[in-house]
Every structure is written in C-alpha cells, then in structure tokens.
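Asker: I'd like to ask you about the structure that follows.
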Amino acid sequence: MTLRTFTLTALLLGTLTTSAFAHGYKAGEIDIGHPWARATVPGQPAGGGFLKLDNHGKDDKLLAVRSDVSATAEIHTMETTDNIMRMRQVDGVAVPAGKTVEFAPGGYHIMFMQLKAPLKQGSSFPATLVFEKAGEVKVDFKVEAINFNTQGKAAAGGHQHH
C-alpha cells in the first residue's frame, strides 16, 4: 500500500468513525446536533432524549417533540434545590439568537412517555422537533448505551421518571 493510499484510507475511516457518533440537522438557522436517547430496559415506561441546539439566527423556541416510539413526548427540565432533584415539564425552551442550548442529563431533556417498546442500543428512531419560528424538522435519535453522556463517558446514575 502506498503512502497516499494509506493516508486516504485513514482519512476515510476517520470520517466514518466520526459520523457514526455525530449527526446533525438544521431547522432554519438552528443547527441540531447529535440527537440521542439512552437505551432502556424492558418494562421501563419512559426514556430520555438529548441534543444540542445552536441558534445562528433570530430568537426562537422549541415548542414540542413528536415521535411514534412513545404515546407522548414531553420537554422537561431537571433542577436540584437543597440536594433534592426535581423534574418538571415545561411548555417549551427558548433558543436565543447566537446562543447554544444543550439538552443533556441533569438539565433540559425530552421524555418519551409510555414507550411502545424498549429503546435498544445501536438502533435509532425518528422524531419531529417543532420550533416556533423555524417550523418542523425531522430528526433521528440514535440510541446509546444506558451510561452514555454527551462527553461519551460513563454517566453517573440513571434517569427514572416519577
């Protein structure tokens, strides 16, 4: 194998490896980075979904999420007050112009409620994000290991609902 062939092969493999873990979409001027969900176990009624929103345009708001993987999908936030973690549903999440909003374990997240089947690691499922100004965009949530977090490291604890 020549040096040139080796270099091209290495670059191609690097691109394929990166794209397996990172995938993105666009809604107007909002970049949607790596929608993912944690794998669930049989009988688990809900699963958590995460992503990153980079707004390069005007103020907007994520209003809703829809998916056939569950009966409903809700936007939630998680806050810790006096060492007590509380999760609550919100009516939407502002995505200010020039800012990044991250949906990650321990903060904003999407709850896929009344799952129709377990979310299996390595699979993916479609969902629709609904923005106030940018409109609707279809994305695929990749299902990662139960302990996967946004840095690709083992995350502490699981996400239980109620």
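Asker: Name the residue that is surrounded by the fewest Cβ atoms within 10 Å (Cβ to Cβ), counting only residues in region 111-122 that are of a type in the set (A, V, I, L, M) and outside any strand (DSSP E or B).
Answerer: So in region 111-122, the residues of a type in the set (A, V, I, L, M) come out as 111, 113, 115, 117, 119.
Next, only the ones that are outside any strand (DSSP E or B) stay: 117, 119.
Working: Ala117: 11, Leu119: 25.
It comes out as Ala117.
Asker: Separate question: Working only within region 83-114, note down all residues that are on the phi > 0 side of the Ramachandran plot and at pLDDT below 95. So that I can check it myself, show each step before the final result.
Answerer: So the first thing to find is which residues in region 83-114 are on the phi > 0 side of the Ramachandran plot, and the list is 83, 92, 98, 106, 114.
Listed by number, the residues that qualify are Asn83, Gly106.
Asker: Here's another thing I want to ask about it. Between a first residue in region 42-55 that is touching a residue at least 12 places away in the same chain (Cβ under 8 Å) and a second residue that is among the basic types (Lys, Arg), which pairs have beta carbons less than 6 Å apart while being 6 or more apart in sequence or on different chains?
Answerer: Qualifying pairs under 6 Å: Gly48/Arg38; Asn55/Lys99.
Asker: Kindly indicate which of Ala117, Ala155 is out of contact with any His (no Cβ under 8 Å at 6 or more places or on another chain) and at pLDDT below 95.
Answerer: Working: Ala117 fails: at pLDDT below 95.
Selected residue: Ala155, the only one of Ala117, Ala155 that is out of contact with any His (no Cβ under 8 Å at 6 or more places or on another chain) and at pLDDT below 95.
Residue-by-condition table, conditions (1) out of contact with any Ser or Thr (no Cβ under 7 Å at 6 or more places or on another chain); (2) part of a strand (DSSP E or B); (3) modelled with pLDDT of 95 or more:
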position: Ala20; (1), (2), (3): yes, no, no
position: Gly33; (1), (2), (3): yes, yes, yes
position: Thr40; (1), (2), (3): yes, no, yes
position: Gln44; (1), (2), (3): yes, no, yes
position: Gly49; (1), (2), (3): yes, yes, yes
position: Gly57; (1), (2), (3): yes, no, yes
position: Lys61; (1), (2), (3): yes, yes, yes
position: Ala64; (1), (2), (3): yes, yes, yes
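Asker: If you scan region 82-110, which residues turn out to be within 21 Å of Ala46 (Cα to Cα) and in a loop (DSSP other than H, G, I, E, B)?
Answerer: Val90, Asp91, Gly92, Ala104, Pro105, Gly106, Gly107, Tyr108
Asker: Is there a residue being assigned to a strand (DSSP E or B), of a type in the set (Asp, Glu), free of Cβ contacts under 8 Å to residues at least 40 places away in the same chain and exposed (fewer than 13 other Cβ atoms within 10 Å of the Cβ) anywhere in region 70-80? Give the derivation first.
Answerer: Going through region 70-80, the residues assigned to a strand (DSSP E or B) turn out to be 70-80.
Remaining after also requiring of a type in the set (Asp, Glu): 74, 79.
Keeping just the survivors that are free of Cβ contacts under 8 Å to residues at least 40 places away in the same chain gives 74, 79.
Within this subset, residues satisfying the condition of being exposed (fewer than 13 other Cβ atoms within 10 Å of the Cβ) are 79.
Yes; the residues of region 70-80 include at least one that is assigned to a strand (DSSP E or B), of a type in the set (Asp, Glu), free of Cβ contacts under 8 Å to residues at least 40 places away in the same chain and exposed (fewer than 13 other Cβ atoms within 10 Å of the Cβ).
Asker: Now, a different point. Tell me, which residue of region 123-152 that is touching a strand residue (DSSP E or B) at 6+ places or on another chain (Cβ under 6 Å) and assigned to a loop (DSSP other than H, G, I, E, B) is modelled with the lowest pLDDT?
Answerer: Step by step, filter region 123-152, then rank; the result is Asn147.
The values are calculated or read from the model by the stated rules, or taken from the named source; none is laboratory data. Since we're looking at a predicted model, the values are computed, not measured. Glycine gets a Cβ as well: all are built from the backbone with ideal geometry, and neighbour counts include every protein chain shown.
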